[in-house]
Amino acid sequence: MTSLIEIEGLSKRFGRLSAVRDVSFTLNRGEVLGFLGPNGAGKSTTMKMITGYLEPTAGHARVAGEDVVARPLAARRRLGYLPEGAPLYGDMTPAGLLRFVARVRGLSAARWRERRDWVVARLDLSEVWHRPIDTLSKGFKRRVGLAQAILHDPEVLILDEPTDGLDPNQKHEVRTLLAEMAAEKAIVVSTHILEEVEAVCTRAIVIARGAIVADGLPRVLFAAARPDEVFRRLTLGQEAVDA
């Protein structure tokens, strides 16, 4: 298998706060990783370091063999990123935003048309294509955010809560899309929805207090008890659960 994400001893401090502590893992092509943890566990900080938006205090992150600190542009060409909250230019339309992203990404006119038609169809954006993003619902904004992340068909996808704000049918459609894309990519999905991990992910990592506390197949991690109870025990610690 081809390793598309390589994380070694990744750590991040903000003053006295240790947000991420010595996180290491490798993700291969064809894997979909569910990145689980409570609020403040370090999930978003870790993802921002993988994408190059935050420089680590220690450790290294490589995307498709490119070090995200030493060669940030080369690494970012190979990845798509949907950040928490999907910040977008509200005065632009989805059409204008994605055209802008295509230019930044260096897509040819023919490739832009091909990818535009694909994301519009797969994410059902046609009815809002020419409406200002500020006027869209949370669900449509999330879909536009996902569209910009996958527009250039990257090998690596880093998705922070990709189904947040979507209705059940839309969540199913996005999960189906991720499953279809997975064979040729390495995908990291941060989520609080355990059923999403079981439905989409081939692997799960649980992070708590900035450190990895579990790493394995979802069906193995959740086999001994209900997924919510396993998650609670892993993130709080056995002593806290028994108290």
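Scanning the stretch 147-166 for residues that are hydrophobic (A, V, I, L, M, F, W, C) and open to solvent by 10 Å² or more (accessible area, probe 1.4 Å) turns up just one, Leu166.
For Gly15, indicate whether it is touching a helix residue (DSSP H, G or I) at 6+ places or on another chain (Cβ under 9 Å) and either on the phi > 0 side of the Ramachandran plot or not charged (D, E, K, R) (or both).
Details: touching a helix residue (DSSP H, G or I) at 6+ places or on another chain (Cβ under 9 Å): no; either on the phi > 0 side of the Ramachandran plot or not charged (D, E, K, R) (or both): yes.
Answer is no for this residue.
Among the residues of the stretch 38-88, the ones that are polar (S, T, N, Q) and either under 19 Å from Ser3 (Cα atoms) or without any contact (Cβ under 8 Å) to a residue 24 or more places away in the chain (or both) come to 3 in all.
Glu239 fails exactly one of the following numbered conditions: (1) at pLDDT 90 or above; (2) open to solvent by 40 Å² or more (accessible area, probe 1.4 Å); (3) in a helix (DSSP H, G or I); (4) not polar (S, T, N, Q). What is the number of that condition? It is condition (1) that Glu239 fails.
Within the stretch 106-127, being farther than 24 Å from Ala179 by Cα and within 24 Å of the chain's Cα centre (by Cα) holds for Gly106, Leu107. Somewhere in the stretch 141-159, is a residue modelled with pLDDT of 95 or more, among the β-branched types (Val, Ile, Thr) and within 19 Å of Thr46 (Cβ to Cβ)? The answer is yes, given that some residue of the stretch 141-159 is modelled with pLDDT of 95 or more, among the β-branched types (Val, Ile, Thr) and within 19 Å of Thr46 (Cβ to Cβ).
The residues listed here are Ala204, Ala199, Ala149; of these, the one that is at negative phi and part of a strand (DSSP E or B) is Ala204.
The values are calculated or read from the model by the stated rules, or taken from the named source; none is laboratory data. Not measured: the values here are computed from a predicted model. As a convention, Cβ positions derive from the backbone with ideal geometry for all residues, glycine included, and neighbour counts pool all protein chains shown. Just the protein is used for accessible areas: all its heavy atoms, side chains included, with ligands, DNA and RNA removed. Shrake-Rupley method; radii C 1.70, N 1.55, O 1.52, S 1.80 Å.
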